[in-house]
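Okay, handing you the structure first.
The values are calculated or read from the model by the stated rules, or taken from the named source; none is laboratory data. A quick note: this is a predicted structure, and the numbers were derived from the prediction, not measured. Please note: Cβ atoms are built from the backbone with ideal geometry, for glycine as well, and neighbour counts cover all protein chains shown. The area values use the complete protein model at the heavy-atom level, side chains included, leaving out ligands, DNA and RNA. Shrake-Rupley method; radii C 1.70, N 1.55, O 1.52, S 1.80 Å.
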Amino acid sequence: MKAPKSVFVCTECEYTSPKWLGKCPSCGAWNTLEEQLPQPAVVATRERRAQPVAPAVPISELELPTYMRSDTGMGELDRVLGGGLVQGSVVLLSGEPGIGKSTLLMQISDTLAARRRVLYVSGEESRGQLKLRAERLGVGGDSFYLLTETAIDSIIGECERLRPDVIIVDSIQTIYSDRLNSAPGSITQVRESAMAFIALAKSVGCAVILVGHVNKEGGISGPKILEHMVDAVLYFEGDRRQAYRLIRAIKNRYGSTNEIGVFEMGDRGLAEVPNPSEMMLEGRPTDSPGNCAACVMEGSRPLIAEVQALVSRTAYPAPRRTCDGFDYNRMCLLLAVLEKRLNLRFSENDVYLNVAGGMRIDEPAADLSVALALLSGITDRLVPPRLIAFGELGLSGEVRAVSHIDYRVKEAARLGFTQILLPERCIGKSLNIPKDVEVIGVKNLVDVIRVLSKKQEPPVIE
Ligand code: TYD
Ligand code: MG
């Protein structure tokens, strides 16, 4: 039978054309025509009205569903997933090339294959390359199947034959349907292939993990609708030059989206990092100005990182500013507040700000640590090495309250910090202050600058 001919539909105004056009003749938008398979004829409204499939029910009568979850063997990933991989769910895992998506999935496949049948579909690597990675990771088992195929119909056929409990598709951009004329990776192809896997997961109850490429802007490439179609969207992020990697859920129908998982890439694949704060603080200098520890909340988890600022007299007409791991505009704002409220001449200095360990902190609670690092950098006075600060800085130089103080204080105390700088308003009866920890409440920048210790003698270079 001849395959039905596809049509091209404008995503703006739904104008339909038999061939692709650069500009929509109806609404005039450019590049909005997408290939689509013709839709089956719509059943007459009257006929549909006659037979409601599932009648509406009061929410109180619904039963709480129980999800079957599988342990992936990586506690850090399980937490992000909301407590394990849910049978019948579809997860999209996205991240830059080389970040470790294939490595992670091969490692969890091995664990899952101990109790379930796993099919790993690779459209990117040959069997030889996959075997090489498997050897390196020391994985392999009889329930762990590999398939190197990119045609969706063949893959679905193989899934029906093998009946796997978990299907991993690496990557969805390489899978294509020959019923469509567009190239693999195009919006239409990605949507069609994803829909086929979603239908499979919902009909037979297997779990599917789709690997998604990222586009130039860092988002998931392919249709945005893909993110709406799946049950969970996870981002694998981190600096490829650094060993540590983060997995963050940006959508999760089966758990919280605030959670993160931390991993470290080594010779034998990814290893979990259950105590990331220790890793971030490793090798921190305690006797040079310009450093201050910060604590940010990642979901329900406090993470401690080190902010470093180098402030030096500029040799340029306009001073240089660079910022790594913190928002550039926020740094400029804090510099302006410090300059105005404390009368410090940052405009005559270059400022280089960095969060050590490749971590990214983007929570206002880190403002106070950044401000302290900058103040310490320009005044050459030390932030006491066992001091940590959390608080948001307002434009008038006031220190504003932040949330989750208890979690942050506990984590700071666990890592050996003995002085904690807090917004004064956060100190209340309900705050649990661990033994040996001194809590210093601050109202504004004038209070903050007082904690810097005496001016240091400049080092003598012989
Ligand atoms: P990979 O998992 O293929 O990344 P992705 O699928 O996200 O593109 O590989 C990640 C990188 O990690 C790759 O450059 C090689 C490196 N690597 C290790 O350092 N250790 C290992 O054990 C493995 C398997 C890979
Ligand atoms: Mg890969």
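Testing SER154 on (1) in contact (Cβ under 8 Å) with a residue 60 or more places away in the chain; (2) part of a helix (DSSP H, G or I); (3) among the hydroxyl-bearing types (Ser, Thr, Tyr), one condition comes back false. Which one is that?
All conditions pass for SER154, except number (1).
Considering the range 86-119 alone, what residues qualify as being hydrophobic (A, V, I, L, M, F, W, C), more than 15 Å from ligand 2 (Cβ to nearest atom) and either open to solvent by 10 Å² or more (accessible area, probe 1.4 Å) or touching a Lys or Arg at 6+ places or on another chain (Cβ under 7 Å) (or both)?
Answer for the range 86-119, where residues must be hydrophobic (A, V, I, L, M, F, W, C), more than 15 Å from ligand 2 (Cβ to nearest atom) and either open to solvent by 10 Å² or more (accessible area, probe 1.4 Å) or touching a Lys or Arg at 6+ places or on another chain (Cβ under 7 Å) (or both): VAL86, ALA113, ALA114.
Tally the residues that are more than 16 Å from ligand 1 (Cβ to nearest atom), closer than 30 Å to GLN87 by Cα and open to solvent by 30 Å² or more (accessible area, probe 1.4 Å), restricting the search to the range 253-300.
Looking only at that region, the number is 9.
Still on this structure, please answer the following. Of all residues being over 22 Å from SER193 (Cα atoms) and within 12 Å of ligand 2 (Cβ to nearest atom) in the range 120-137, which is surrounded by the most Cβ atoms within 10 Å (Cβ to Cβ)? Just the residue, please.
In this case the residue turns out to be LEU130.
So if I check each of GLU348, GLU339, which one is open to solvent by 30 Å² or more (accessible area, probe 1.4 Å) and either touching a strand residue (DSSP E or B) at 6+ places or on another chain (Cβ under 9 Å) or within 29 Å of LEU415 (Cα to Cα) (or both)?
GLU348
For every residue, the table says whether it meets (1) open to solvent by less than 30 Å² (accessible area, probe 1.4 Å); (2) outside the structural domain of GLU306 (by TED's automatic domain parsing); (3) in a loop (DSSP other than H, G, I, E, B).
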site: SER369; (1), (2), (3): yes, no, no
site: ALA373; (1), (2), (3): yes, no, no
site: PRO385; (1), (2), (3): no, no, yes
site: VAL402; (1), (2), (3): yes, no, yes
site: ASP406; (1), (2), (3): no, no, no
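Could you please let me know if LEU353 is touching a helix residue (DSSP H, G or I) at 6+ places or on another chain (Cβ under 7 Å) and either part of a helix (DSSP H, G or I) or free of Cβ contacts under 8 Å to residues at least 40 places away in the same chain (or both)? Steps first, please.
On the way: touching a helix residue (DSSP H, G or I) at 6+ places or on another chain (Cβ under 7 Å): yes; either part of a helix (DSSP H, G or I) or free of Cβ contacts under 8 Å to residues at least 40 places away in the same chain (or both): no.
Criteria not met by LEU353.
Kindly indicate whether LEU162 is more than 16 Å from ligand 2 (Cβ to nearest atom) and either under 29 Å from ALA183 (Cβ atoms) or in the same structural domain as GLY212 (by TED's automatic domain parsing) (or both).
Numbers: more than 16 Å from ligand 2 (Cβ to nearest atom): yes; either under 29 Å from ALA183 (Cβ atoms) or in the same structural domain as GLY212 (by TED's automatic domain parsing) (or both): yes.
When the stated conditions are applied, LEU162 passes them.
How many residues, within the range 165-209, are within 16 Å of ligand 2 (Cβ to nearest atom) and either among the hydroxyl-bearing types (Ser, Thr, Tyr) or more than 19 Å from SER102 (Cα to Cα) (or both)?
Qualifying residue count, the range 165-209: 3.
For ALA412, only one of the following conditions fails: (1) out of contact with any Asp or Glu (no Cβ under 8 Å at 6 or more places or on another chain); (2) under 23 Å from SER288 (Cβ atoms); (3) surrounded by fewer than 24 Cβ atoms within 10 Å (Cβ to Cβ). What is its number?
(3)
In addition: Using the structure shown, decide if ARG241 is open to solvent by 10 Å² or more (accessible area, probe 1.4 Å) and within 30 Å of VAL383 (Cβ to Cβ).
So ARG241 fits the description; yes.
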